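Visitor: Here it is, the structure in full.
The values are calculated or read from the model by the stated rules, or taken from the named source; none is laboratory data. Here the structure is a predicted model, which means the values were calculated and not measured. We place every Cβ from the backbone using ideal geometry, glycine too, and count neighbours over all the protein chains shown. The area values use the complete protein model at the heavy-atom level, side chains included, leaving out ligands, DNA and RNA. Shrake-Rupley method; radii C 1.70, N 1.55, O 1.52, S 1.80 Å.
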Amino acid sequence: MKETPLSNCERRFLLRAIEEKKRLDGRQTYDYRNIKISFGTDYGCCTVELGKTRVLGQVSCELVSPKLNRATEGILFFNLELSQMAAPAFEPGRQSDLLVKLNRLLERCLRNSKCIDTESLCVVAGEKVWQIRVDLHLLNHDGNIIDAASIAAIVALCHFRRPDVSVQGDEVTLYTLEERDPVPLSIHHMPICVSFAFFQQGTYLLVDPNEREERVMDGLLVIAMNKHREICTIQSSGGIMLLKDQVLRCSKIAGVKVAEITELIQKALANDQKVRKEGGKFGFAESIANQRITAFRMEKAPIDTSDVEEKAEEIISEAEPPSEVVSKPVLWTPGTAQIGEGIENSWGDLEDSEKEDEDEGGSDEAIILDSIKMDTGEVSNIGSQDAPIVLSDSEEEEMIILEPDKNPKKIRTQTISATQVKAPSKKPVKKRKKKRAAN
């Protein structure tokens, strides 16, 4: 299903609002949407909500053989999926250009920046290493997928715990979670992507664009940075030319936003760890507000029903008495009745155009009607005096006359059409022409 394009009115409205430094959701130019982080019951499972954009992150691991050129390093794999559940424009089973671009940007941001110590993932050099796989699923699309995906990936990696292993000679023992506590990953820093949207060829700048703002933007600048203000990767798309001062300005804004998001991530991880140690309830079900899925909770309000009868009597006494006039039904014909005053019956009234046509052709129809009345005089006497006259082009037809309290009678009549009336006037003319020709 193709994406529904924006109309010209919507496009002009969005650009005009951006020129006046206003946004549809009420944010300022450099404001981020609300970020909500919730964790699942298993380690390494989390959801990140950036406004209405939702991303689910899941980390898994397994023991595999290392790469030949890097025998002492573990393997990191990132996969982002865009399903039709997030937006109808995403096609299943097909890698779009947007998906390829997002996956490459995630790999440069997280794997090439060396945020995870891959050497700590080695179990036996050249034989067994840990392969860490990060699966990201877009649940709802409302713009700025890369920022939400980068936050979900780094949060899931920080929350993940791998099983503990021990090596004795050539034997590798893998312990379950009940036998030994799982081991967290060794993470050096947390790179986070910050997106900047440019409008009017770089004249106007917005942070964290939503889905509608992304449709009208001219270019996008993505900066991946950690809280130490170290740029991990930078990417510009859209074909616009940016000045050096614009890039430096965006990098300063990104440093502030990354520090705020990193602090939020650390608080969420600390709260989850505290709840797990204390034995409290945790998981996605606990992060959802009570009775928010099926119904809204309403507080009970006390109602005094002691003097209900007295109040009802007061209301009845103060009310105006009903009118005594009752309309009588009017019986028009058997089986039909009218109550009250109705509207004048307009059935059978002619319109203006029909009246004009009748006035123009009145002289011709009068002659035909006179001849028809003479031929069908017997039929009109059998029925009522006001029986309708039926005109038709057919030579014979059945006319049914309905009379009250009597059975319908079928009478076969012959009607004279207009062509049959005018036909005798032409025949003598032809004979005269033939006689003249003979003389």
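Visitor: Give just the number: which of (1) under 24 Å from PHE196 (Cα atoms); (2) without any contact (Cβ under 8 Å) to a residue 60 or more places away in the chain does TYR30 not satisfy?
Guide: Result: TYR30 passes all but (2).
Visitor: Here is a check on your reading of the model: is GLY239 under 32 Å from the mean Cα position of the chain (by Cα), of a type in the set (Gly, Ala, Ser) and in a loop (DSSP other than H, G, I, E, B)?
Guide: Yes; evaluated as a whole, the condition is true for this residue.
Visitor: Considering only segment 84-98, state which residues are in a loop (DSSP other than H, G, I, E, B) and of a type in the set (A, V, I, L, M).
Guide: Within segment 84-98, MET85, ALA86, ALA87, ALA89 qualify.
Visitor: Do we have SER38 as open to solvent by less than 70 Å² (accessible area, probe 1.4 Å) and either without any contact (Cβ under 8 Å) to a residue 40 or more places away in the chain or among the β-branched types (Val, Ile, Thr) (or both) here?
Guide: no
Visitor: What strands (runs of 3 or more DSSP E) completely inside segment 137-223 contain at least 3 residues that are at negative phi and free of Cβ contacts under 8 Å to residues at least 60 places away in the same chain?
Guide: Answer list for segment 137-223: 165-168, 192-199.
Visitor: Counting just the residues of segment 224-236 that are open to solvent by 20 Å² or more (accessible area, probe 1.4 Å) and either among the hydrophobic types (A, V, I, L, M, F, W, C) or outside any strand (DSSP E or B) (or both), which one comes out nearest to ARG23 (Cα to Cα)?
Guide: ILE234
Visitor: Might you check whether a residue that is in a helix (DSSP H, G or I), basic (Lys, Arg) and at pLDDT below 90 occurs anywhere in segment 111-122?
Guide: Within segment 111-122, one or more residues are in a helix (DSSP H, G or I), basic (Lys, Arg) and at pLDDT below 90.
Visitor: Somewhere in segment 262-273, is a residue farther than 30 Å from THR41 by Cβ and not acidic (Asp, Glu)?
Guide: no
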